1. List pairs: first residue in the range 487-501 and surrounded by 19 or more Cβ atoms within 10 Å (Cβ to Cβ), second residue of a type in the set (S, T, N, Q) anywhere in the structure, Cβ distance under 7 angstrom, at least six positions apart or on different chains.
2. Within the range 270-322, which residues are in contact with a strand residue (DSSP E or B) (Cβ under 7 Å, 6 or more places away or on another chain) and at positive phi?
3. Please specify each residue of the range 502-533 satisfying the condition of being surrounded by 19 or more Cβ atoms within 10 Å (Cβ to Cβ) and in contact with a Cys (Cβ under 6 Å, 6 or more places away or on another chain).
4. Under 8 Å between Cβ atoms, at least 6 apart or on separate chains: pull out the pairs that start in the range 232-245 with a residue that is on the phi > 0 side of the Ramachandran plot and among the small types (G, A, S) and end on any residue that is crowded, with 22+ Cβ neighbours inside 10 Å and at pLDDT 95 or above.
5. Could you list all residues from the range 314-357 that are within 14 Å of the chain's Cα centre (by Cα) and of a type in the set (D, E)?
6. State yes or no: is A483 of a type in the set (A, V, I, L, M) and within 21 Å of Q417 (Cα to Cα)?
7. I need the full set of residues from the range 204-218 which are outside any helix (DSSP H, G or I), within 34 Å of the chain's Cα centre (by Cα) and surrounded by fewer than 22 Cβ atoms within 10 Å (Cβ to Cβ), in order please.
8. Which residues, taken from the range 243-266, are part of a helix (DSSP H, G or I) and either among the basic types (K, R) or farther than 26 Å from N69 by Cα (or both)?
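The values are calculated or read from the model by the stated rules, or taken from the named source; none is laboratory data. The structure displayed is predicted, hence computed values, not measured ones. Here Cβ is always computed from backbone atoms with ideal geometry, including for glycine, and neighbour counts include all displayed protein chains.
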Amino acid sequence: MRTATKRLIVLLCAVTLAATGFNGIITATTSAPAAAVTGSDFRPGKIITDELFYDSAALSAAEVQTFLNGKVASCTSGYTCLKSYRQTSGSRAADAYCKAYTGQTNETSASIIYRVGKACGVSQMVLLVLLQKEQGLVTSTAPTAEKYQKATGYGCPDTAACDSKYYGFFNQVYMAAWKYKVYRANPGNYNYQAGRSNYILYNPDTDCGGSNVYIQNQATAGLYTYTPYQPNQAALNNLNGTGDSCSAYGNRNFWRYYNSWFGSTDAYPVHGAIGTVYRALGGASGVLGVSTSPERCGLKNSGCYQQFKGGSIHWTSKSGAHATRGAIRTEWQALGWENGFLGYPKGDQGCGLKDSGCYQTFEGGGIHYSANTDAHATRGKIRAAWEAQGWENGKLGYPKGDQGCGLKDSGCYQTFQGGSIHYSANTAAQITTGGIRSAWQASGWQDGPMGYPTSNEKCGLRDSGCYQSFQKGKIHWSSASGAHLTKGAIQKAWAGTGWENGRLRYPTTNEVCSSSTKCVQTFQGGTITWTSGKTPVIRYT
C-alpha cells in the first residue's frame, strides 16, 4: 500500500513542476483556463471524436506556425522555444500505418508537426496538444534539451526510465503519431477497447482505485492506451490545477488544452473554404459555435455544407463559402435551401440596418429581417422595385410577407410595412401605398375595375395631392377629398376640364351607377353624369 508520505511527495511535485511528464501524471497549469468547459463536462468514455483525432488536414504548416507564434511572445535568452525550433528530420519508409516521410535539413517544428500528421493521418491539433500535455513545449519560454528529447513522452513508461533510442523531437512526434495508428489498426491487441466497458485506474498506484468506463470510440481508446489513467473527481474539481495524491492529469489535460485552444472535442473537423469562413467568424467561440456534422457534399452545383450549433456554411465554386444563421437561415430553409429560387448565399449576413435589421444576398435574391417583421425573401422585379425606392429606408420599409403569385395575368405581389408591390406579365412592378392603395384594395385589387397599377404614385399636385395610373383608370387623392377612382367617359370629361386644376377639382366619390347605362360621380366643384350614347353632362356647384 502506498504510504501517506509518498502521496504527499507526489502532490508537492504536481504543484511545483512547470510542465507535464511521464505520460501526464504530474502537471501544472501552463496555459489559460478553458473558459467554455468545467470538470463536469468531461466524459471519460469519449474524450475526443474520431473525426477530430484523425483529421490530418486540421492545420497547414503555416497555420501550425501561426499558432505557435501566438503562444509565446518571446523566448528566454539562451533557450529555443518550440516556435523557433529546427531539426534535421529523418526519413521513414511507408508502412501499414503511415505514408513515407522524407527527411529535411533544418526543418521547422511547425513543418514536422504538419508533415507527420499528414503522413500518419493524425490531427496536427492533436499533436500540438500532446506536446503540451507531456512536456509543456507549446507554451514554454525556456524549454530544456531534455524536453525536446522526450517531447511526446513516447517510450517513457510510468515505472521505468525513458528509452533513449526514441529521443529527439522528430522521433518523438513521428513515433507518437505512428503508435496511435497502430492502436487504431489493431484495437484487439490492447487493454483499452472501444465498444465495451473497461476498468481504468485513476493513478499508477492501484490503491487509488478506478472505475469502469464504457469507451465509445477508437480515439479515446488510443488515448487511454497511451496514457492509461482517467482523472479522478479531485482532478476534475480543480480543472486547471491539481487534485489530490491519487490524481493523474494526462487525459484530463489533453481534453482541457484541446477545448481551450481549438474548441469542443465533441465536434467534427472544419477545414477548407468552409473552415476559413468558420475561423473568420470566431470558430467554436463565435456565432456558429461547434460543428455538429461533418462536411457533406453532393448538393446542387457540386455544393458542400457543414452544420454548426448556431447555423451552417454552404459552399460552391461559383458562390464561395458563406454562413447562414438565425431567422434568415430559417427563411432560406423554408424556401427550399439551395434548391429553392434563392439558390446559394453569395454574401455574408450583414446587420446594423434600420430597426436593428439584418440582410443576406443569395444567387436568386435576398432575405431581410427586422425584429418587427421577421425574415422575408425578395426577388426578381419586385425586389428591383423595392431597391429603387430605397430598400428598408424607403417609404415601404421592410417586407412583412413573402412574395405571392398566381394572380390575374400571371401576377405577383408582396406586402411591406408601408404598402405593397404588384407585378404582372403586362405591367412592370409598381408600388402602392397609403390612401390610394386603400382605395384600390376596396375596389378589388387587380381583379376590380382598375386592373394593375401602371405607374408608381406621383405627388406634388394641387393641394398636395397625389395620383396613380392603373390599367383602366386612375386614383387621385388629397387630404380634403380622400382617394377615389376615375375611369372611362367620366374620367375623360374630367380631364377635359383640367383634372384637379379645373373647376371640378378632386373627386369626392367613386363613380356610382344606377343602371348599366347611367352613372354619376361627385367632385369638389360639381358632378359629371354619364348616360350611354350621350355626351357626359358636367354641372358645377
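1. Cβ pairs passing all conditions: I490/Q521; W494/T486.
2. G289, N301, S302, G311
3. Across the range 502-533, the qualifying residues are E511, C519, W530.
4. none
5. D348
6. It is true that A483 is of a type in the set (A, V, I, L, M) and within 21 Å of Q417 (Cα to Cα).
7. Within the range 204-218, Y214, Q216, N217 meet the criteria.
8. Scanning the range 243-266 gives R252, R256.
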